[in-house]
Structures are given as C-alpha cells and as structure tokens.
1. Within the stretch 1-34, restricting attention to residues that are in contact with a Gly (Cβ under 8 Å, 6 or more places away or on another chain) and aliphatic (A, V, I, L, M), which residue is farthest from L412 (Cα to Cα)?
2. Report, ordered by the first and then the second residue, all pairs with beta carbons closer than 9 Å, sequence separation of six or more or different chains, a first member in the stretch 207-232 that is within 10 Å of I43 (Cβ to Cβ) and touching a residue at least 40 places away in the same chain (Cβ under 8 Å), and a second member that is open to solvent by 50 Å² or more (accessible area, probe 1.4 Å) and of a type in the set (F, W, Y).
3. Filter the stretch 274-329 down to the residues that are modelled with pLDDT under 90 and of a type in the set (S, T, Y), then identify the one that is least open to solvent (accessible area, probe 1.4 Å).
4. Of the residues S364, S377, S395, only one is of a type in the set (S, T, Y), open to solvent by 10 Å² or more (accessible area, probe 1.4 Å) and over 24 Å from A273 (Cα atoms); which?
5. Looking only at the stretch 487-497, count every residue that is at pLDDT below 85 and either in contact with a strand residue (DSSP E or B) (Cβ under 9 Å, 6 or more places away or on another chain) or farther than 25 Å from Q551 by Cα (or both) and tell me the total.
6. Within the stretch 420-446, how many residues turn out to be of a type in the set (V, I, T) and more than 19 Å from P46 (Cβ to Cβ)?
7. Can you tell me which residues in the stretch 200-222 are of a type outside the set (D, E, K, R), touching a Phe, Trp or Tyr at 6+ places or on another chain (Cβ under 6 Å) and open to solvent by 10 Å² or more (accessible area, probe 1.4 Å)?
8. Can you find, within the stretch 128-155, the residue that is nearest to F82 (Cα to Cα) among those that are among the small types (G, A, S), assigned to a helix (DSSP H, G or I) and free of Cβ contacts under 8 Å to residues at least 60 places away in the same chain?
Amino acid sequence: MTTARMGTILFIVSLLWLLIHLPPSVSFGDSAELAAAAGTLGIAHPPGYPLYVLGGRLFSSLLPLGNPAYRMNLFSAMAAAFSLLLLARSGAGRASSSSAGPFLLASLVLLQAPAFLKSSLSSEVFALNLACLGGVWWSLCGGRFRLCFLLWGLGLGNQHTLLLLAPAIFFGAGIFRADSKRRALESLFFLALGLSLYVYLPLRSLQAPLLDWEDPESWERFWGVVSRSRYGTLALAQGGAETPWTLARAWESVLAFFTLWASQLGIVGAGLAVLGAFQMWRRNPSNFWLWLAAFLCAGPLFFVLAKVRSGLSTHEMMERFLLAPLWLSAVGIGNLSWDFPGRSLPRTARRLAGVGLVLFLGGSAIGAAREHSGRQSFWLWDYGRNVLRTLPAGSTLFADRADETEFVLAYLQKAEARRLDVVFVDCNAGVTRSLYGKEYYRIWGPPRLRIRERLEGLWARRFPRPVYYATVDPQMVAVPRRRQGILWECLPLRGKAIQTDWSQLYIFRRTASGGPASRGPASRGPASGGRREMSLRANADSLLGSALLEQGRRGAAYRHFSWLALEAPSYAWWPWVGAQFFERGFFPEAERAYLQALRREPRSIDAHYNLGVLYWRQGRWEEVVKAFEKVLALDPSHEGAGRFLPQARSMRVR
C-alpha cells in the first residue's frame, strides 16, 4: 500500500475514532471562549487567533450540526485527522521505500499520546496548529516553497509557536543562497500574504462584536493583542517574563521537555522515534538535519524561551505545547525500516514485529481514548447554566473567578443566546467590553482593584435590579455580599433572600467510571480533569454546601462537602468541613467530618484537637482525654491540649 492511500485511510479512520469520543459541548481550558469567538465572529484572547475564528465560523456554517461548541470540537477533530493525512503524504526523509507501515505506527503513537487526544477533542487552537504544521512540512518536503510560506503565514495567524520553525523553513527553502534572491522575495511576499489575516482584528473590532478582547481598534491596542503584551510576549502566563534566564534554568527546561516528551510517547513510541531518526540520518542526512532543526526549535528551544520548570502544574500547562515536537517525532517514526547496517531482518520476522507493534500501540490508543474521552463531559456546561439559573430576571453578574467561569458564561449568553436579560461583566475585561476605561487593560494589581471597587460599588448601590458575583475570593473588593447558592448577592439587597433548595435547582452530570452520565439534582462522581477543573468543582461544592448549611439542610450540605475530597484530594478539606458544622452546632456531622480527616491523615494534629473540643462540648470526657493525649503525643508543646487535658481528666473522674 502506498503512503498516499494510507494517508486517506488514516484520515477517515482517525476521524471516526475521534467522533466517538467527542465532547457534547464546552470543556475546560479556553474551549468555551474560542467556541463563542468562532460562533459570533468575535476576537479571542491575545493574539486573537483570526485563522481559528474565521476557519471555525466557515466550518460551522457549512456543517450546522449540534450546538456551536460541538461544531468547533468537530472542527478540531477534523484538523487532527487531517494532520495524520499530511504526515503520511509528506514521507519526509524516505530515500526509496514507499512502505505505508511506518506511518501506521506513527499515527498510532500519536493517537495514544494524551496531549494529541485531548487537543483533538476540544474546541481549542492546538489541533488546527498541528494541521498547519503538517501543511508547512508537506509543502517544504515537496519543494512547494510558495505554498509553504503562505501556509506558514496563515498558521502564524492561529498560533505563534510556528515561528520557531523559521530556521528549518528558511534553510529548507534555500532562500539564503546567493542565487535565490527572487525565491526569497517571493517567499516573503507569500508569508506576508498569510499574515495579512491579522487585519481581521481591527476591522472586526470597529464593528463592536459580542466578543472583543482588548478592543484592538487603535494601533497600540492592536499591537498589544498581536504581540501578547498582556502576558509578556514570550511568557505563557502573566508574570512569567519576570523570571531571569540562567544556564541552570535553561538546562532544567530542556530536561522538563524530554521528560514530558517521553511520558507522552511512552517507552515504545520514544524508542521508535529515536530509531526512525537514526535511519533518516543514514539514508538522507540533509532531510535529517532539517528535521532535527525543526524538532529542537519547536521543542527544547521553546521550553527554554518560556522558562519552563518541572512540576505537576508545568506538566498540565505545557502538555498542549508538545504537539509540534510529537508530530515531528511521528515524522521520524515514518522513516523506520527493518534494514540495519550490515543486516536485514527476514520477512517473517518483519511481519511479526510489525503486527506486534500495531497491536501494542493500538491497545494503548484504546486505553488512552477511554481515559480521556469527552463523550460524557457535561460539567462545565452544567455549571454555567446553574449560574444562570441562580440569577433573577434583569440582574447583573460580575465574574472574577477564573477563565473557565467567564468563558462558559460568555459562550452561553453570546453563542447559545441564553439569558440575554442578564448584564454580564467580566471583571478582567476579556470576554466583555471594559466598564473601567480603555487604560484598564494595562493596569494590574492594587490599582486595578481600586478601580473595580469604586465602579462596582457604585453599580451595586444604584442599579435597580439585584447584583451578583461569581468569585473565588469575596474579600478581593470591598463590596458587601451574602452567599446565594454558588454565587454572591451584593448589598444593599433587593428583596428577601431566596429560600431555594439549591441541591434541587442545580444539575451536574458526571460519570465516575465511563458509564452513562447520571442526571439529576447535583449528582456526579469524582473529577477526572486537571487541577483547574478540580479547583473549580471543589469551589462550587464548598459554596453550595455552605449555602445549604445556612438554610439548615444538613444532609444535602454534608453530601456536597463530602464531594470536596473527590474534587481536590490533595487538599485537607475535612477539618474545614467539620468546623462548618461545629460552628452551627451540628455535632454529629462535625464528628463524621473530623473522623474522615483522621482516616486520610491519622497524624493530623488539628483534626485530633478539634475532635477533642467537640467531645468537650458534648461532655464526653473519656473521648476528650484520648483526643488531647493523642495531640500531645504528636506535639508535646501544643498549648491548648496541654492546658485543658488536666481539666478533662478531672471531669472524667467525676
């Protein structure tokens, strides 16, 4: 079978495979914001992503299937599958063989990589970036230099990381040769033609779209969006650019890259990539050095420029930026051959080895799809709709929680046209226009909070309808509020507090083991996503549990508090839960919570001491003595236990 035919088969089969696991709506990350931007022809967060927005809008218009987010998820799946077709079509570095087998292995290696699978299933820019990379590489290897530079320029209108391919593209196209001035001029012309896509940003901003990030109407704000000045240009998040470069930091970044790269490919995949690269070097050294330049610039160099450090949070953030080096690793695998220096494997051995690798990698791909499937991913969509259910008609909602909250609300209101009566304000002035002035985009820290406090306090006092907040820290700005479900209502209050059984009003859907999603009053299993998902879900449960507890619904409150241990198992929630019940005099539930804390951490001094205080209030002196003695065994200098233990012993004697 030829590589061209194999590419077509890979495209069809991989697309069908991804369709099976496609999320029904928005997912965590920037998915909701980008789906809303494409659905309304808006401007997304810097650098604006004009190619993704325009391409996604065209795709959604041609295939009006499901909700806007589902269409954009399908757009990502299509782009990822197309990148596999281009992988097989490129055939980079193959001197003579046209065998399609290595490209089947390369595609299976990608399909079992979590980063590739996650990016292929959500409405984000990374799968499209991979398709652009595939187009650039296919054009470069085939000598289609005008097309290569045009696709490169268009790709830079989707994600700037493709800029790191510059050394490989320039040398591969030969534009530095003395006799190639015309080619150089033509190449730069087609590159500029592709980059002209950014003209969309100011032109669209002048029309006041529903999503208009940083209003790039003026040259200054336009350049601020394109250059990502909000983040520091080379930094991945705000504040990263302040970290100085050092040789030790650069080496740490390189090690972090190869650690993550190997964890994505697995031992077998990484070994195949190294072996394929070695055989590329033997057969076609010029293609090997071109490939190596692209791989090192897209991978280790990018990590060094971004000042990446090792750690769990780094792994979650950088996983999506591994796609380019992973795809280039698959190019290396595509150069595999069973011919080794001075020896060639028999045909039977080749077939057995090939079948064994296909079965192993295919099983890994199936396992990865089961683990990362988004088919039952409803939580964020449900969360956004639960926020809207909380709001009375005509109210205002200020949101300063985190990206996902603002993004899903913008998507629901602007792309799905839900609750248009609500005045929604993004306190970071990202997905909504700034209420705080044009200079607000460049102000951070305490000055920004002072602006917010003045304007939001004035709004809360003068707006005739209720004003609400979605916030993690209600003390961030000094605007008096009371808890209402998973939100906060501003003071002065417009009417009496809503006496709603929030556990019956809210619906969360989630599966714990891949079975059918349970639907009903706040029913779900443990979180399976990253730290941001667990943090948002845990915060929603803590707010909802506290609201139910204030209404005296002890059983429902305990259920939500108990889910905190599932949402964020690394955090010691149980002592805090026990304190919530203890402060309100609900001693049985407080005792259960403290005992749960001790099951998780038997040496928790706070849990033992609080349990002793609880027993003290109940007059259970034998248990008080045991609890305080355990505290002193763990910490002989504990002031409270040392002070009250003699008194507890005397009360036990009585």
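The values are calculated or read from the model by the stated rules, or taken from the named source; none is laboratory data. Keep in mind the model is a prediction, meaning the values are calculated, not measured. FYI the Cβ positions are ideal-geometry reconstructions off the backbone, even for glycines, and counts take in every protein chain you see. Accessible surface areas use protein heavy atoms only, side chains included; no ligands, DNA or RNA. Shrake-Rupley method; radii C 1.70, N 1.55, O 1.52, S 1.80 Å.
1. L22
2. Partner pairs satisfying both residue conditions: P216/W223.
3. T314
4. Numbers: S364 fails: over 24 Å from A273 (Cα atoms); S395 fails: open to solvent by 10 Å² or more (accessible area, probe 1.4 Å).
Just one listed residue meets the conditions, S377.
5. Selection size over the stretch 487-497: 4.
6. Matching residues across the stretch 420-446 total 3.
7. P202
8. Step by step, filter the stretch 128-155, then rank; the result is A131.
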